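Shown next, in structure tokens, is the structure this report addresses.
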Amino acid sequence: MVQYNIALIGFGGVNRALAQLVAERNELWQSELGFRLNIVAVTDLNLGSVVSRNGIDARMLVETNFEKGGFARLSGGSAEADNEKVIRQAPADIVVEATFTNPRDGEPAVSHCRWALENHKHVVTTNKGPVALAAADLKAVARRNHVHFEYEGAVMSGTPVIRLAKNVLAGAGLSGFEGILNGTSNFVLGRMEAGLGFSAAVKEAQGFGYAEADPTADVEGYDVRLKVVILANELLGAALKPTDVSCEGISALTTMDIETAAKEGYRWKLIGSAARLENGSVEASVAPRRLPLDHPLAGVSGAINAVSFTTEMLGSVTITGPGAGRVETAYALLSDIIAIHRSASAGSITEAAE
Ligand SMILES: NC(=O)c1ccc[n+]([C@@H]2O[C@H](COP(=O)([O-])OP(=O)(O)OC[C@H]3O[C@@H](n4cnc5c(N)ncnc54)[C@H](OP(=O)(O)O)[C@@H]3O)[C@@H](O)[C@H]2O)c1
């Protein structure tokens, strides 16, 4: 039986959902995927940390209502989240990084990833920060240590946008992409089309739990900009920083703009895009765009995300799916672990790293 020991860094929505899946699906994974997961460590800013060589009961972890510092009650537990010690010393094969996204320098998640990789542990993460701001460096550390750094969930949650483009569309001549990469702003635009003003639409999005109390990162395009950086660097071989990507959000759009577009057969969408230019450089932007109704992204409504890839062989190829959600994002972590498992089974981890 193959069993991967995992350490969860951050125990909020996504890692709790992963622990829940472990509690419910390990037997199924063992027969369908050929491995099971064993949680050997968890750290969380609020709850503290716990390490157990034999494994921590996943069901207990998700069903117990821990108070602040509550992991101290568990055997091997402490009220402090000593991330560095846990990441370096826990007997984990894979470190699962799901702490908060820091759009400025990616910390402390960048350090979490680096500590794990330096200690020969694979890293899977849904955190945009380390991927958008330090992927090249972290990939190099991973290669040197013959381990994987995987981050499918950082762009479109469980919808497999990175692997689709890198693996399934390999050789198709990908030259660019355009996408709806923020469900909140897409929901807001839809509600504005139904007649609501911008502020009322944002309030409704907050009511449904789509928008944060401070919706700036969603509606001003900053969240999309990080995702565009990740996709452009990963798929088009660029080396962009967020400041290289021009960024305009949807807050200046009025109901009049939306109505006029509708009358003329168009629909406003917040589009993150990048394209390889003839001189080989990559240009990327985030901006509201008026799309004709027959555009593949024009019909993507609500909190759904989509990306259209421009390819030489197939023309435009579009993938649509959820771009957020706890379980959906935990699934992305599972898909990363499956990729690691398949690579290990094929004996290619060391080979790929050389
Ligand atoms: N949820 C989604 O739909 C989704 C989709 C795609 C990507 N993501 C990304 O996935 C990551 C996790 O998302 P989430 O929804 O699980 O967020 P969350 O519910 O806010 O959970 C993050 C957890 O990490 C803890 N934490 C923060 N800093 C930490 C540190 N230095 N050390 C240890 N723990 C720390 C937080 O504790 P406190 O609460 O005490 O701060 C919180 O419990 C984020 O980077 C997010 O952007 C999420």
Worksheet item: Among 25, 191, what is the fewest-to-most ranking by other Cβ atoms within 10 Å?
Response: 25, 191
Worksheet item: So how do 28-36, 56-64 stack up, highest first, on mean other-Cβ count within 10 Å?
Response: 56-64, 28-36
Discussion item. Starting from 0.36 nm per residue, how many nanometres of slack lie between residue 243 and residue 27 once their C-alpha separation is accounted for?
Written reply: 73.2 nm
Worksheet item: If you wrap a convex hull around the C-alpha atoms of segment 161-322 and split its volume per residue, what is the figure in Å³?
Response: 109
Response to the item:
The helix 326-345 Cα axis meets the longest alpha-carbon principal axis of the chain at an angle in degrees, between 0 and 90 and rounded to 10, of 60
Fill in: Cα-centre dipole for segment 161-322 with unit charges at Cβ (Lys and Arg positive, Asp and Glu negative), debye to 20
280
Worksheet item: Cα axis of helix 183-193 to longest principal axis of the chain: angle in degrees, 0 to 90, nearest 10?
Response: 30
Worksheet item: residue 313 to residue 59: FRET efficiency via 1/(1 + (r/R0)^6), r the Cβ-Cβ distance, R0 51 Å, to the nearest 0.05?
Response: 0.60
Worksheet item: In the structure displayed, which of 68/139; 128/166; 85/241; 128/263; 121/227; 68/241 lie more than 27 Å apart, Cα to Cα?
Response: 68/139; 85/241; 128/263; 68/241
Fill in: Residue (of 172, 12, 48) at the positive-pole extreme of the chain, dipole from beta-carbon charges
48
Worksheet, complete the sentence: One finds the C-alpha centres of segment 273-327 and segment 71-116 to be spaced, in Å, by 34
Fill in: For residue 41, net neighbour charge (Lys/Arg +1, Asp/Glu -1) across residues whose Cβ lies under 12 Å away
+1
Worksheet, complete the sentence: One point scatterer per Cα, no solvent, Debye formula: log10 I(q)/I(0) for the chain at q = 0.10, 0.11 Å⁻¹ comes out as -0.63, -0.76
Worksheet item: How do 228-235, 160-167, 176-183, 209-216 rank on mean C-beta neighbours within 10 Å, highest first?
Response: 176-183, 228-235, 160-167, 209-216
Item to complete: Could you tell me which of 249, 188, 303 has its Cα farthest along the dipole of segment 161-322 towards the positive end, charges placed at Cβ (Lys, Arg +1; Asp, Glu -1), taken about the Cα centre?
Response: 303
Practice prompt. Could you give the spread of the C-alpha atoms of segment 85-163 along their three principal axes, from largest to smallest, in whole angstroms?
Written response: 31, 26, 20
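Readers should treat all values here as calculations from the given coordinates under stated rules, not as data from a laboratory. Note that the structure is a prediction, hence the values are computed from the model and not measured. Every residue, glycine as well, gets a Cβ built from its backbone with ideal geometry; the counts of neighbours run over all protein chains shown.
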